[in-house]
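Since the structure comes first, as structure tokens, the remarks are kept for the end.
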Amino acid sequence: MSQLGDIQNEFIRQELVEFVERDDERQEMIELYAASTPQMQELAASIIDGAHEQTDQLTMAALADGLDALKIMDDGLIAGMGLVGIKFRENFIFVPEVLACARAMKAGMKHIEPILSASGIQPIGKVIMGTVKGDLHDIGKNLCIMMLNGAGFEVVDLGVDTSPDDFINAVEEHNANVVGMSALLTTTMPNMGRTIESFIDADLRDDVKFMVGGAPVTPEFADDMGADAYGATAMECVEVARRLCAKDS
């Protein structure tokens, strides 16, 4: 088991101590960062700090050093956004800070995406993402989409206030494996269940897996609604989507 001291980057160590309160989640993040090189830790730190110019320079430098584009994305960019997602979920940072981190992520990904596209790597799966009917919040959903795109998924973003019919039409049009639904209001959470019921009525439930998330959503609620999986953070969203696509294959 890795220890906090195994992470060489002091900024990341301080962030984990100050902002990651759950013991299991902190240990998971320690293992993640301790397994990466100091160079990747520095890149992740630039994402966490929302320093887009530094992210841009560090990504180019890593590529110039011959590092694999996927490794840079996973160990640097996505690893950094994982901690951002936790801080946002726990209300340690808010929309302006998340947008700054997202800008940094994009600064790095602009160098990575052309390499991945040219390599001909096939998408892991296709995911439909939307905030449910009646809910206009999208920051958490957009964070998940950024992480999913970075992790190699093809994502169709339906935006906010998404009706059950919108989800159904998107699945049929894009032949998607997974549907991700987000809600930030307790009053709109039941629309997750109504969407799943609509898929049952349309005889499409067996064709797609559902993952749900959002600040008020819990694993117990996800089970009650008939969802296949729940994710608490953007990083968990990626892991859940990978698992659901693996079951579907």
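The values are calculated or read from the model by the stated rules, or taken from the named source; none is laboratory data. Keep in mind that what you see is a predicted model, and the values were worked out from it rather than measured. All Cβ positions, glycine included, derive from the backbone under ideal geometry; neighbour counts span all protein chains shown.
Of the listed requirements (1) touching a Cys at 6+ places or on another chain (Cβ under 9 Å); (2) under 23 Å from Val179 (Cα atoms), Ile93 misses just one: (2). Whenever a residue of the range 213-225 is closer than 17 Å to His137 by Cβ, its partners that are surrounded by 21 or more Cβ atoms within 10 Å (Cβ to Cβ) and acidic (Asp, Glu), lying with C-beta atoms within less than 8 angstrom and at least six residues away or across chains, give the pairs Gly213/Glu236.
Taken over the range 80-104, the residue count meeting the criterion of being more than 16 Å from His52 (Cβ to Cβ), crowded, with 18+ Cβ neighbours inside 10 Å and not charged (D, E, K, R) is 5.
Those helices (runs of 4 or more DSSP H) of the range 126-234 in which at least 3 residues are surrounded by 22 or more Cβ atoms within 10 Å (Cβ to Cβ), considering only elements entirely within it, cover 139-150, 190-201.
Of everything in the range 159-173 that is hydrophobic (A, V, I, L, M, F, W, C) and in contact with a helix residue (DSSP H, G or I) (Cβ under 9 Å, 6 or more places away or on another chain), the residue that is farthest from Leu204 (Cα to Cα) is Val160. Within the range 8-31, residues that are outside any helix (DSSP H, G or I) have Cβ atoms under 8 Å from residues that are aromatic (Phe, Trp, Tyr) and buried (at least 19 other Cβ atoms within 10 Å of the Cβ) in these pairs: Asn9/Tyr33, counting only partners at least 6 apart in sequence or on another chain. Contact annotation: no residue pair with Cβ atoms under 9 Å, 6 or more positions apart or on different chains, pairs a residue in the range 95-112 that is not assigned by TED's automatic domain parsing to the domain that holds Gly82 with a partner that is of a type in the set (Lys, Arg) and crowded, with 16+ Cβ neighbours inside 10 Å.
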